[in-house]
1. Taking K and R as +1 and D and E as -1, what net charge do the other residues with C-beta under 13 Å from the C-beta of THR52 add up to?
2. Relative to the present Cα-Cα distance, how much length would full extension add between ASN95 and VAL11 at 0.36 nm per residue of separation?
3. If I model a spin label at LEU62 and ILE105 as a point 7 Å from the Cα along the Cα→Cβ vector, what separation in nanometres do I get?
Amino acid sequence: MDEALNFTKLVKGQLVEVTHLQGTEIGEVESVNYATGKVLVYFNYEACPHFTSFNLSQVKPLTPKLVGADAGDLKAQIESFTPEEKSKVADRIYNHILKLLDRKIGEI
């Protein structure tokens, strides 16, 4: 955490969880302006990909958990997701896999 600003450091491309009036969403940081306290977040929805600006206080880093000896904890975390959150995470994983495959095809 940046002690001077009292905000977590965010970097471009980082997955974040955004809380606003309509609920909680998962997006990707496009840019951060600590002077104004604003974060530009990209939401990669198939039907409507878009950018939205949020206050730093509304954005927190998404910290994925690794599967270890205690897989029950991960299972409980996944089960706590709403169907909308599960869909968004699945979309992000699918899009990431497509990008990796595109890179592989480009290397051939």
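1. Once all neighbours under 13 Å are counted, the net charge is -2.
2. Extra length available between ASN95 and VAL11 comes to 28.2 nm.
3. 2.4
Computed from the coordinates by the stated procedures, all read-outs in this text should not be read as laboratory data. Since this is a predicted model, take the numbers as computed values, not measurements. Cβ sites come from the backbone with ideal geometry, for glycine too, and all protein chains shown count toward neighbours.
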